[in-house]
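The values are calculated or read from the model by the stated rules, or taken from the named source; none is laboratory data. The model shown is predicted, which means the values in this text are computed figures rather than measured ones. Cβ: placed from backbone, ideal geometry, glycine included. Neighbour counts: every protein chain shown. With ligands, DNA and RNA removed, areas are computed over all heavy atoms of the protein, side chains included. Shrake-Rupley method; radii C 1.70, N 1.55, O 1.52, S 1.80 Å.
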Amino acid sequence: MVRLKGGDPFIFGRGAEEAAMLVEAQVPFEVIPGVTSAIAAASYAGIPLTHRDIASSITFVTGSEAADKKSITWDALASSRGTLVILMGWKNLPEITTKLIKEGYSPKTPIALIQWGTKPDQKTVTGVLSNIINEARRMNLAPPVVAVVDDVVNLRR
């Protein structure tokens, strides 16, 4: 039997839960990791997640944290100022951009939204935190979307 999943099954995937169930059932298995969309989509869009002069760190967060679990500290993310990559955040993007601005990001912070990362029909929309929602709607984006927040987005040009 094969369970095929794009990307890395242990980055906001169910790989850990599935592996635990297989261990419990004493079913031998092998995990062959892929490249997470958090990295691949940005690279394919021409956006480096780090750059010697711009960003020395990357933080990956989910944009669809469980309702009963609020562990993302948006104020800490705003003060760290590395590249922020948000996965599965399409539905909550208006709330997320508002939180980032409220917690200290400039409304003019560059952001890229990458739909269907690494696929032939990949689409990238760029803007700033204050206008990206309107830009995304104008371009008819829909999930799946990876968001990249930081000045590295400007290197796409």
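The table below gives the values:
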{"item": "Degrees, to the nearest 10: 93-102 long Cα axis against longest axis of the chain", "result": "60"}
{"item": "The stretch 44-85, relative contact order in percent, only Cα pairs under 8 angstrom and at least six apart counted", "result": "51"}
{"item": "Computed lengthening from residue 43 to residue 119, 0.36 nm per intervening residue step minus Cα-Cα distance", "result": "26.1 nm"}
{"item": "Carbon/sulfur fraction of accessible area - the chain, other protein chains in place, 1.4 Å, %", "result": "54"}
{"item": "Diffusion coefficient, µm² s⁻¹, Stokes-Einstein with Kirkwood Rh over alpha-carbon pairs of the chain at 10 °C and 1.306 mPa s", "result": "96"}
{"item": "Extension gain (nm, one decimal) between residue 29 and residue 10, 0.36 nm per residue minus Cα-Cα", "result": "5.4 nm"}
{"item": "Segment residue 76-residue 157, length gained on full extension (0.36 nm per residue, minus Cα span)", "result": "26.3 nm"}
{"item": "Positive-end residue of 105, 21, 132, charge dipole of the chain with Cβ unit charges", "result": "132"}
{"item": "Burial ranking of peptide ranges 25-34, 70-79, 94-103 (average Cβ count within 10 Å, highest at the top)", "result": "94-103, 70-79, 25-34"}
